[in-house]
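First the structure, in the form of C-alpha coordinates, and then the observations on it.
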Amino acid sequence: MSSSSRKRRLVSPQQPDEKRRTDRIVVDVGGTRFTTSASTLTAGSEYFERLLSPRWCAEPPEELFLDRDPEPFAILLTYMRTGLLELSKDNQSMARRVMIEAEFLGMVGLIDSVKAKAIKNTGWEGTEPDAVKCFGSFDAAIR
(Lines give C-alpha, C1' and ligand atoms only; values in the text may rest on other atoms or scores of the structure.)
Protein backbone atom coordinates (compact mmCIF):
# COMPACT_ATOMS: atom_id res chain seq x y z
CA MET A 1 0.00 0.00 0.00
CA SER A 2 1.38 3.39 -0.90
CA SER A 3 1.60 6.11 1.73
CA SER A 4 -1.00 8.17 -0.11
CA SER A 5 -3.57 5.38 0.06
CA ARG A 6 -2.97 5.03 3.82
CA LYS A 7 -3.76 8.67 4.51
CA ARG A 8 -7.14 9.21 6.05
CA ARG A 9 -9.45 11.62 4.48
CA LEU A 10 -11.57 13.66 6.84
CA VAL A 11 -15.14 13.58 5.74
CA SER A 12 -17.78 16.00 6.87
CA PRO A 13 -20.91 14.40 8.31
CA GLN A 14 -22.95 16.76 6.12
CA GLN A 15 -24.47 15.67 2.86
CA PRO A 16 -22.83 17.37 -0.15
CA ASP A 17 -25.86 19.54 -0.87
CA GLU A 18 -26.29 20.75 2.73
CA LYS A 19 -25.06 24.22 3.52
CA ARG A 20 -22.90 24.62 6.58
CA ARG A 21 -24.35 27.31 8.82
CA THR A 22 -21.69 29.68 9.98
CA ASP A 23 -21.68 32.79 12.12
CA ARG A 24 -18.77 34.32 10.19
CA ILE A 25 -19.56 37.41 8.13
CA VAL A 26 -17.58 39.93 6.12
CA VAL A 27 -18.70 43.54 6.40
CA ASP A 28 -17.38 45.77 3.64
CA VAL A 29 -17.50 49.30 5.02
CA GLY A 30 -16.66 51.91 2.43
CA GLY A 31 -14.31 49.48 0.66
CA THR A 32 -12.56 48.17 3.80
CA ARG A 33 -13.40 44.56 4.65
CA PHE A 34 -13.93 43.48 8.26
CA THR A 35 -14.37 39.81 9.17
CA THR A 36 -16.34 39.16 12.32
CA SER A 37 -19.29 37.13 13.54
CA ALA A 38 -22.96 37.88 13.12
CA SER A 39 -23.39 37.33 16.86
CA THR A 40 -20.84 40.08 17.62
CA LEU A 41 -22.65 42.49 15.33
CA THR A 42 -26.15 41.71 16.59
CA ALA A 43 -25.18 41.86 20.26
CA GLY A 44 -23.83 45.40 19.95
CA SER A 45 -26.01 47.07 17.35
CA GLU A 46 -29.74 47.46 16.83
CA TYR A 47 -29.06 48.07 13.13
CA PHE A 48 -27.35 44.68 12.69
CA GLU A 49 -29.80 43.00 15.06
CA ARG A 50 -32.66 43.97 12.76
CA LEU A 51 -30.76 43.46 9.51
CA LEU A 52 -29.63 39.94 10.45
CA SER A 53 -32.84 38.94 12.21
CA PRO A 54 -34.24 35.53 11.21
CA ARG A 55 -37.41 37.48 10.48
CA TRP A 56 -35.65 39.07 7.50
CA CYS A 57 -33.12 36.43 6.51
CA ALA A 58 -32.99 32.71 7.26
CA GLU A 59 -29.19 32.78 7.47
CA PRO A 60 -26.80 35.70 7.73
CA PRO A 61 -25.30 36.60 4.36
CA GLU A 62 -21.62 35.86 3.84
CA GLU A 63 -20.97 39.54 3.09
CA LEU A 64 -22.63 42.91 3.67
CA PHE A 65 -21.79 46.30 2.21
CA LEU A 66 -22.22 49.53 4.15
CA ASP A 67 -21.54 52.82 2.44
CA ARG A 68 -20.12 54.28 5.65
CA ASP A 69 -16.79 55.47 7.07
CA PRO A 70 -14.45 52.52 7.82
CA GLU A 71 -12.21 54.29 10.37
CA PRO A 72 -14.87 54.85 13.06
CA PHE A 73 -16.41 51.46 12.20
CA ALA A 74 -13.13 49.77 13.12
CA ILE A 75 -13.25 51.44 16.55
CA LEU A 76 -16.89 50.46 17.03
CA LEU A 77 -16.23 46.85 16.00
CA THR A 78 -13.48 46.67 18.62
CA TYR A 79 -15.99 48.01 21.15
CA MET A 80 -18.55 45.36 20.10
CA ARG A 81 -15.91 42.65 20.57
CA THR A 82 -14.33 43.84 23.82
CA GLY A 83 -16.58 46.42 25.46
CA LEU A 84 -13.69 48.89 25.42
CA LEU A 85 -13.85 52.19 23.58
CA GLU A 86 -10.49 53.78 22.95
CA LEU A 87 -10.36 57.25 21.45
CA SER A 88 -7.49 59.70 21.40
CA LYS A 89 -8.09 62.84 23.45
CA ASP A 90 -6.30 64.73 20.68
CA ASN A 91 -8.68 63.74 17.88
CA GLN A 92 -12.09 65.28 18.51
CA SER A 93 -13.02 64.80 14.86
CA MET A 94 -12.69 61.02 15.20
CA ALA A 95 -14.70 61.08 18.44
CA ARG A 96 -17.53 62.87 16.60
CA ARG A 97 -17.33 60.45 13.68
CA VAL A 98 -17.46 57.48 16.06
CA MET A 99 -20.54 58.87 17.78
CA ILE A 100 -22.27 59.55 14.45
CA GLU A 101 -21.60 55.99 13.28
CA ALA A 102 -22.68 54.59 16.67
CA GLU A 103 -25.93 56.50 16.31
CA PHE A 104 -26.43 55.14 12.77
CA LEU A 105 -25.75 51.57 13.97
CA GLY A 106 -28.13 51.92 16.93
CA MET A 107 -25.47 51.34 19.58
CA VAL A 108 -27.68 52.73 22.34
CA GLY A 109 -25.66 51.35 25.26
CA LEU A 110 -22.45 52.93 24.00
CA ILE A 111 -24.12 56.26 23.27
CA ASP A 112 -25.75 56.43 26.71
CA SER A 113 -22.44 55.55 28.40
CA VAL A 114 -20.59 58.26 26.51
CA LYS A 115 -23.29 60.82 27.32
CA ALA A 116 -23.26 59.91 31.00
CA LYS A 117 -19.46 60.10 31.13
CA ALA A 118 -19.45 63.45 29.30
CA ILE A 119 -21.97 64.91 31.73
CA LYS A 120 -20.10 63.48 34.73
CA ASN A 121 -16.85 64.98 33.44
CA THR A 122 -18.43 68.43 33.46
CA GLY A 123 -19.05 68.10 37.20
CA TRP A 124 -22.76 68.60 36.62
CA GLU A 125 -25.11 67.33 39.34
CA GLY A 126 -28.59 68.26 38.19
CA THR A 127 -31.98 66.61 38.05
CA GLU A 128 -33.19 64.05 35.52
CA PRO A 129 -35.24 66.57 33.45
CA ASP A 130 -32.10 68.70 33.23
CA ALA A 131 -30.19 65.63 32.06
CA VAL A 132 -32.60 65.25 29.15
CA LYS A 133 -31.88 68.85 28.14
CA CYS A 134 -28.16 68.25 28.52
CA PHE A 135 -28.32 65.07 26.41
CA GLY A 136 -30.16 67.01 23.72
CA SER A 137 -27.45 69.64 23.62
CA PHE A 138 -24.85 66.86 23.59
CA ASP A 139 -26.53 65.35 20.52
CA ALA A 140 -26.48 68.73 18.80
CA ALA A 141 -22.81 69.22 19.70
CA ILE A 142 -21.64 66.02 17.99
CA ARG A 143 -23.38 67.01 14.74
- SASA check, ILE111, accessible area w/ 1.4 Å probe, all protein chains in place, rounded to nearest 10 Å², comes out at 30 Å²
- Top to bottom by accessible area (1.4 Å), largest first, where do ASP67, ASP23 land? ASP67, ASP23
- Note on the structure: Scalar couplings 3J(HN,Hα) for the stretch 58-66 by Karplus 6.51 cos²θ - 1.76 cosθ + 1.60 (θ = phi - 60°), nearest whole Hz, x for Gly and Pro, are 5, 9, x, x, 6, 8, 10, 10, 10
- Message: Need the full-extension length gain, THR82 to GLU103, defined as separation in residues times 0.36 nm minus the C-alpha distance. One decimal, nm.
- Response: 5.7 nm
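What's the FRET efficiency of PHE65 with SER39 using the Cβ-Cβ distance as r and R₀ = 22 Å, to the nearest 0.05?
0.65
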- Query: Near the amide H of ASP28, under 5 Å away, which other amide H atoms are found, from residues 5 or more places off or on another chain, if H is placed in the peptide plane?
  - Reply: PHE34, LEU64, PHE65, LEU66
- Message: For a quick check of understanding: with a 1.4 angstrom probe and all protein chains in place, what accessible area in square angstrom does ARG81 have, to the nearest ten?
- Response: 130 Å²
- Item | Simple spin-label estimate for ASP28 and ALA58 in nanometres, 7 Å along Cα-Cβ | 2.4 nm
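Report the extension gain between ALA118 and MET94 in nm, rounded to one decimal, defined as 0.36 nm multiplied by the number of residues separating them, less their alpha carbon distance.
Gain in length upon complete extension: 7.1 nm.
Just by accessible area at a 1.4 angstrom probe, what is the order of ASP28, ASP90 from largest to smallest?
Putting ASP28, ASP90 in descending order of accessible area: ASP90, ASP28.
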- Given the protein chains as shown and a 1.4 Å probe, how many square angstrom of GLU86 are accessible, to the nearest 10? 150 Å²
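The values are calculated or read from the model by the stated rules, or taken from the named source; none is laboratory data. Please read these numbers as outputs of a predicted model, since none were measured by experiment. Note that each Cβ is placed from the backbone with ideal geometry, even for glycine, and that neighbours are counted across all protein chains shown. When the accessible area is computed, the model is the full protein with side chains, heavy atoms only, and any ligands, DNA or RNA have been set aside. Shrake-Rupley method; radii C 1.70, N 1.55, O 1.52, S 1.80 Å.
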